[in-house]
Each structure stands twice: as structure tokens, then as C-alpha cells.
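FYI, it's all coordinate maths here, none of it is from the lab. Predicted model, so just to flag it, every value in this text is computed and none were measured. Quick reminder, even Gly has a Cβ in these numbers, built from the backbone with ideal geometry, and neighbours come from all protein chains shown.
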Amino acid sequence: MTLNSGAAFRNHLRRKASVNRLIHLLLFALVAACAPARTGSAPGPARLALTHVSVVDVETGRLLPDHMVLIAGNRITQVSPSRQTRVPAGARVVDARGKYLIPGLWDAHTHITYAGEIAFPAYVANGVTSARDLGGRLPELLAWRGKVKAGSLVGPDLYLAGPNLEGAWWLDGVMEFAATDSILRSFPFLEASPRYRIASPEGARVAVDSLLRLNVDMIKFRNLRGDEFRALASEARRKGVPLVGHAPGGVTLAEAADSGMRSIEHMETVMLKLGNANETERRAQLAHLARAGTAITATLVTDIAYRQTPDSLAYAVIADTLNRIDLRRRFLSRELLAFWKFGLDTKSFEGPNDWAASHRKQLADLRLAREAGVPILVGTDLGVSLVYPGFSVHEELRLLVEEGGFPAIEALRGATVYPARTLGVADSVGTIAMGRQADLVLLDANPLEDIRNTQKIRAVVLNGRYLDRQVLDRLLSEAETAAHR
Ligand SMILES: [Zn+2]
């Protein structure tokens, strides 16, 4: 979530001794109480056979017509042409003739604690079976991650960053400002999204260790100085934990990629980092990302929702308790709507900017990045106004194709195999192959012909569990009920 004004609340910080330490202690206490086991998974039905289905092989880009996909428990045990395979006795058979099977989708950039548990059914109903949570309240996230793993909560597998690392120069400025500003005081944003304050290179190294002990899956940073970033990157590499963040200050994109960052968040931060460099230099910098396998999470949908939509419309949606403007509002918690409003209110801190031009520049750099071979991830930045849990993943897919000029298969890779690779879990999720976790989406129409077809969801297989349309609709209506509570 953006909070771009450079100001902050230092007095407040001093008064509270160190908010960071407080958060730290709180996290430790809670985590000790509820740390889930990372192993083990929910048992699915004994056997499931999807027959006569067209499988989208996201790695090769090929369509495999008339295939059978066998699932035992939560694993895919076979993917082969129907005529070569017999349905095992006792298996539940789903005749998927005329349908298309894609791997379960990812939201590679989300903040679920802003939305609350109510976001989970919306994610699953939209075929999202994995999510990278890039900042939020870790105790809640860890508890959810554990419940999803144990099968007691229907939701995507969560990969967690926990609290974002934030440079003291930035955080202290914001806190100093917030002590006196009525907008910033109107919303407990640091409680909603705790930050880990970094004041030195040594602090950055210590942070890696502390967060790993809290059981995070990756480290996410935002505003750091060059020396802090270098210390952080080398420590993350030494500990083997994926590092993600905004394009870092104080170093070039090339250095960020070469130092092992797994993904850079928001096309906007990449575009700003490249500044006024000419096209040759831009391509050269982006080529480093491609070589290092560093991905970019474009978040075009965020830019459209937050920057290219009139604030008046966003405020109107928030106030629209009858959900007449956008039906998807039915699935939102009050907390999320309050956070949307806060995000919009903070725009008053910004000076004027030509946001339409900014969007065009992002698209131009996105094209260069794709041509350079940089993996582009599908992420939504849930928490930002008019970004909807689950639904916006499909919007991002569509935008990558329609605005970014991506072939449909390349957009799909960004929501399947690429995010799995950035976290080093591509041997278990992200593709449809023997041995993979059974996370699948069954579609009524071919997504390679029209990317909008990812929205025509017939069924979702979540960790081996077959959820047909009826079940998915029931999940959505439960979310709607929860939203009105
Ligand atoms: Zn974010």
C-alpha cells in the first residue's frame, strides 16, 4: 500500500520507546503460541479423475487435448492422453469434455490482513490457490497459513513476508508527521500493517534472522538506503531466504538483480528507478533482471484502480452500502472499506502529477521488460481501493494482455509457474504435472484464445479437494453473509 508522502511521526516514536521493538515482542509472543507446522496437508478425496479435458501446459504453451488428469489425495498422480489411461476403480470421475484445465492461480502481491478472513472464499471462488502476502499482521497470517495447511480453512496456500522492512529515515518521517496530522491519526495503519524499522546495515542483517525465527517465507522491504539494502541482500542470500521489495534506492536495478532479489514490486517503482535513462540503457538494466531470474510484479490493476480511476467514483463505491455500483463490493469487509478510504484520503499529501503519463511510461517499460525476458508476475496489491480479493487477479491477467500486449500464455505464466519459481516451490505447485500438489482450475472456455476465459470457472481443485460451481457459489454467499455481519 502506498503512503508516498515523505513525512513521519518521530515524536510519537520516541514516546513509545520503539514501536518496532514492541511489534517485535508482540509477534514473538503470539507466534510462540500459534506457530503452525509447515508440513502435512489436508487429505482430499481418495481418487479423482478429470477425463477428456484439454490441459494447458503453461511451461511449453501447448494445449494437450483429450487428456485425463488423475489425483490421489492432494497430489496429481498422472497426466496422459485419455485413450492411454484407464480410470482407476473407485475414483470419482468428472467428465470434463470441452473444458480447459489450468494450474491454480496465484496472487503474487497481496495484503490479506487488510481484508480479513472474508477474502479467502473470494480468492478460492476465483481459482486462486496460492498467494504471496507481502506485508501484514504476522500472527493472523501464520494462523491462517496453518489452518489452510490443516484443511480447516478453505483458502489459498499462503507464502508470507510478515512485517515489511522500512528504512528509519522514511518511517520516522511518516511517524513525525502522523503525530499531528488528522488523516494519518484517523487510521491505525501501523497496527494494520506493522513495519520493521531498519536504521543501519547491521539492523538489516539482524532483521533477517529475527524474521526467519518468526517463520516467514520471504523478506520484503520498501524504503531502504543503499548500504542497508546491500547488507540485507547479502544476509538473505546467506540464509537462503527469498528477498522481494520495491526497486531499492541507492543501487541500480542491475545491482538489485545481481544481488539476488527474487522479485521487484510494482512497474511504477521500476519505471521511476530507470528515470530518464534512454532505451538502450533501460534494456541493459532489465537484461540483468532476466539473467538473474528476478521477476517484476507489474500490478497494473493497482495503477488503474488507484491512479486512473476518479477518486469520486472510489469514494462512491465505498459509500454504496447497497452494492449497486459494483456487485463485488458484497464480498468486502468493513475493515477493508475503511482502509480503502484511508488510502484515498492520503492522496491529499501528494503534489500534482500526470498519472496518465505515468501509466503510459509503465506500459512502455513493461514491454521492454517482457522483451528482455523478465518474468512478469500477476499481483493485485489487495488493500488498495477498488482492488477486489480474487476478482482482481483476473483483471490483472486481462490488463497484461490488453494493455501490456502479452500473449495470453505469458500472462498465465505470471499467475502460475513464475511466482512458484520466485519462491523456489515450482517442483510442487504452478504447473500440471505428476507429483505436483493438486491445485487446478477447470474452465468452460479456452484461456489461450481469450484471457477473459479465466473468469469462466466451472470448478476449482484446491489441494486435492474438488469444489464444483455450486460449492464455489456457496463460498461466495458465505463471504457475503460475513460481510454484512
Ligand atoms: Zn503492496
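The table for this structure:
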| read-out | value |
| --- | --- |
| 3J(HN,Hα) from dihedral phi, the stretch 373-386, Karplus parametrisation 6.51/-1.76/1.60, rounded to Hz, x for glycine, proline | x, 6, x, 9, 8, 8, x, 10, 6, 3, x, 6, 4, 6 |
| For SER333, net neighbour charge (Lys/Arg +1, Asp/Glu -1) across residues whose Cβ lies under 12 Å away | +1 |
| Theoretical ellipticity at 222 nm over the chain - DSSP helices of four or more residues, -39500 (n - 2.57) apiece, nearest 500 | -12000 deg cm²/dmol |
| Long-range HN-HN contacts of ARG92 with modeled amide H, under 5 Å | ARG47, LEU48, ALA49 |
| Cβ crowding within 10 Å averaged over residues, with 352-361, 143-152 ranked highest first | 143-152, 352-361 |
| Burial ranking of peptide ranges 106-113, 193-200, 93-100 (average Cβ count within 10 Å, highest at the top) | 106-113, 193-200, 93-100 |
| Cα-centre dipole for the stretch 103-206 with unit charges at Cβ (Lys and Arg positive, Asp and Glu negative), debye to 20 | 300 debye |
| Per-residue HN-Hα couplings for the stretch 310-325 [Karplus 6.51, -1.76, 1.60; θ = phi - 60°; Hz; x = Gly/Pro] | x, 4, 4, 5, 4, 4, 5, 4, 4, 7, 7, 5, 8, 6, 7, 6 |
| Rounded to 5, percent antiparallel among DSSP beta bridges of the chain | 50 percent |
| Residues whose placed amide H lies under 5 Å from that of LEU377, excluding near-sequence neighbours | ILE296, THR297, ALA298 |
| Phi to ³J(HN,Hα) by Karplus 6.51 cos²θ - 1.76 cosθ + 1.60 over the stretch 214-231, Hz, x for Gly, Pro | 7, 6, 6, 9, 6, 10, 10, 10, 10, 9, 10, 7, x, 5, 5, 4, 4, 5 |
| Summed side-chain charge close to PHE229 - residues other than PHE229 whose Cβ falls under 13 Å, Lys, Arg +1, Asp, Glu -1 | +1 |
| Loop-located trypsin sites (Lys or Arg not before Pro) in the stretch 236-300, at most 12 other Cβ atoms within 10 Å (DSSP) | none |
| Neighbourhood charge, 9 Å Cβ-Cβ cut-off, centred on TYR159 and excluding it, Lys, Arg +1 and Asp, Glu -1 | -1 |
| Residues with amide H under 5 Å from that of THR77, placed H, sequence gap 5 or more | LEU70, ILE71, ALA72, GLY435 |
| Greater than 30 Å apart at Cα, pairs in LYS273/LYS341; LYS147/LYS220; LYS220/LYS347; LYS239/LYS273; LYS149/LYS220; LYS147/LYS456 | none |
| Relative contact order of the chain, defined on C-alpha pairs under 8 angstrom at six or more residues apart (%) | 22 percent |
